[in-house]
Amino acid sequence: TLIYATGGPYLQLQIARVGLDGSISKTAIADERFGNLAVSPDGRQVAATVYGNQTDIYLYDMESGESRRLTRGGGNHHPEWAEDGDTLYFAHEGSDEPQGVYRTSTSSAGFEKSLFRETKSYLVRMSANNLAAMSVPGEGGLDYAVVDLKTAEQTLIAQQPDVEEDLGHASPDHRWMALTVDASGRYEVVV
């Protein structure tokens, strides 16, 4: 005998716009099990991680709500737009392809190029000159690097053993990064 209680869809979330005055307006995008979101440079589309049998990235039109699946196979998450408004970078794991950061064109199907083959790496912010802040596995936790997405050159900027760095945000010129770190025994924001 199996006894269960029915409920609402698990983690169904809604994508909405929030104005500078705090006003919230709904979009035409249907509720879904959303994860990470990235708005296109022109503000017309949003790339979103959607959790289902597999984790994939979908592209949504902000006005009509129409959607299109961009990735298939494995786990795909943490989308970030390039300045051209067509290229999308994302983290990939769990298929025949190695884990790492990949890119695709929003007008094609499938992965176009592997950028990094590192375990559990993902982009956290991008700038207009194709530089990105990226979390990378380090000694005892996550570290951060600034990566040139054209050359794949990366410069580690936060690499303290046994210190967890998280929630990194790069300044627009990529000269500074704000991070939360637990070096003092509690999370604090450092630059």
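Just so it is clear, none of the values below were taken in a lab; they were calculated from the coordinates. From a predicted model like this one, the values you see are computed outputs, not experimental measurements. Positions of Cβ are generated from backbone atoms using ideal geometry, with glycine treated the same way; all protein chains shown enter the neighbour counts.
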### Message
Rg/Rh for the stretch 33-98 to two decimals, with Rh computed the Kirkwood way over all alpha-carbon pairs.
### Response
0.97
### Query
How many percent of all Cα-Cα pairs in the stretch 1-76 sit more than 15 Å apart?
60 percent
### Task
Given the peptides 61-67, 182-188, 96-102, arrange them by the average over their residues of other C-beta atoms within 10 Å, most packed first.
96-102, 61-67, 182-188
